[in-house]
Amino acid sequence: MIATAADYAWFTFRRFTYDEYTDLREAYCFTLVRGLTPEQVITRTGAEAYDFPPMGLKELIRTAFSSSGRPDSGYGHFFGVVAVDDWAFIVEPNGFMGVCPDIAGRLSAGTRLVSHLLNVNGVEDFLWMEDGRERLALESSCAESRPIRRDQRFQGRFTR
């Protein structure tokens, strides 16, 4: 079976429409890490899983946004991780750890990581790391003030 654009319509931005995915559409970090299990992701990030039951995407979004901005909630940063073929897919509602060099470096040790972030201000970041080394980083917030960091294999292929 081949996925089509219609299969992803639930994530399409609909102006003036609020649904259970609106908060995630406005602020997220999606990260793929090759060859890791969800348990290995939790270990490498230094997270504590506590005794949270497995939950779906809608519940993850509700839980993450209901506790954000409340330091007394005791929850901290929420993310979900699931195995997709040979990859671990990390979903962070209003998150950023997938583009943090320290955490992404640990996650990519011995493997490959690809991450995309969109924050509530519309700023986007993209990160590709292999074995703890940055291969490509695109930061829209810094596009005018600094050069794009990239793997030497891409020299001459990017233009501003």
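Tabulated data for the structure shown
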item: One residue from Ala104, Ala109, Ala83 being hydrophobic (A, V, I, L, M, F, W, C), over 14 Å from the mean Cα position of the chain (by Cα), modelled with pLDDT of 90 or more and outside any strand (DSSP E or B); result: Ala109
item: Of all residues in the range 4-53 being closer than 25 Å to Arg106 by Cβ and of a type in the set (Asp, Glu), the one that is modelled with the lowest pLDDT; result: Asp51
item: Where a residue in the range 111-139 is without any contact (Cβ under 8 Å) to a residue 24 or more places away in the chain and its partner, wherever it lies, is buried (at least 19 other Cβ atoms within 10 Å of the Cβ) and in a loop (DSSP other than H, G, I, E, B), with Cβ under 7 Å and at least six apart; result: Glu130/Ser108; Asp131/Ser108
item: Of all residues in the range 112-135 being among the small types (Gly, Ala, Ser) and surrounded by fewer than 20 Cβ atoms within 10 Å (Cβ to Cβ), the one that is modelled with the lowest pLDDT; result: Gly122
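The values are calculated or read from the model by the stated rules, or taken from the named source; none is laboratory data. The structure displayed is predicted, hence computed values, not measured ones. We place every Cβ from the backbone using ideal geometry, glycine too, and count neighbours over all the protein chains shown.
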